[in-house]
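The values are calculated or read from the model by the stated rules, or taken from the named source; none is laboratory data. As the structure is a computational prediction, the values presented were derived from the model and not from experiment. FYI the Cβ positions are ideal-geometry reconstructions off the backbone, even for glycines, and counts take in every protein chain you see.
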Amino acid sequence: LGRFIKTVMLEKLESGTIHPFDINGNHIILVRLEDSVYALSGYCTHEETDLANGFLVEDRVICPLHLSQFDCRTGAVLNPPATEPLKLFNVKIEDGWVLVEV
Ligand code: FES
């Protein structure tokens, strides 16, 4: 098990965009949907493209290179060519801060 690391205040985390963070050597993207926040690996499982440059459409993260789609709530692949899910990190909100377990 990892440690929960403070990233950003929830109120500063805009919905509808992808927020990249590098935490203890992990390249992570944070996505806020309403009051829930999801933390996923920031590299596409197809060819390691940086998903910080990707698109967020509703609850899907879309890779900018070959347009694989991932469910930002679970990391599951929704559209090929990727076949492996994105790693999902645990998130908790404490005193208004978003913490990610790495
Ligand atoms: S690198 Fe992401 S779909 Fe190919």
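Residues that are within 12 Å of the ligand (Cβ to nearest atom), at pLDDT 95 or above and surrounded by 18 or more Cβ atoms within 10 Å (Cβ to Cβ) occur in the range 70-81; there is at least one.
Residue-by-condition table, conditions (1) more than 12 Å from the ligand (Cβ to nearest atom); (2) within 15 Å of Val8 (Cβ to Cβ):
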site: Leu33; (1), (2): yes, no
site: Ala39; (1), (2): yes, yes
site: Glu48; (1), (2): no, no
site: Ala52; (1), (2): yes, yes
site: Val61; (1), (2): no, no
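Kindly provide the set of residues from the range 26-77 that are within 12 Å of the chain's Cα centre (by Cα) and of a type in the set (Asp, Glu), ordered by number. Listed by number, the residues that qualify are Asp50, Asp59, Asp71. Of the residues making up the range 1-53, those that are hydrophobic (A, V, I, L, M, F, W, C), in contact with a strand residue (DSSP E or B) (Cβ under 8 Å, 6 or more places away or on another chain) and part of a strand (DSSP E or B) number 14.
The residues of the range 29-47 that are surrounded by fewer than 18 Cβ atoms within 10 Å (Cβ to Cβ) and either free of Cβ contacts under 8 Å to residues at least 24 places away in the same chain or out of contact with any Cys (no Cβ under 9 Å at 6 or more places or on another chain) (or both), listed by number, are Glu34, Asp35, Ser36, Glu47.
Can you pull out the residues in the range 52-102 that are on the phi > 0 side of the Ramachandran plot and either touching a Phe, Trp or Tyr at 6+ places or on another chain (Cβ under 6 Å) or of a type outside the set (Asp, Glu) (or both)? Outline the logic, then answer.
Step one: list which residues in the range 52-102 are on the phi > 0 side of the Ramachandran plot, which gives 58, 67, 75, 95-96.
Of everything in the range 52-102, those that are on the phi > 0 side of the Ramachandran plot and either touching a Phe, Trp or Tyr at 6+ places or on another chain (Cβ under 6 Å) or of a type outside the set (Asp, Glu) (or both) turn out to be Leu67, Gly75, Gly96.
The residues in the range 48-61 that are buried (at least 18 other Cβ atoms within 10 Å of the Cβ) and either charged (D, E, K, R) or without any contact (Cβ under 8 Å) to a residue 40 or more places away in the chain (or both) can be counted, and the count is 3.
Within the range 5-20, the set of residues being of a type in the set (Val, Ile, Thr) and within 12 Å of the chain's Cα centre (by Cα) comprises Thr17, Ile18.
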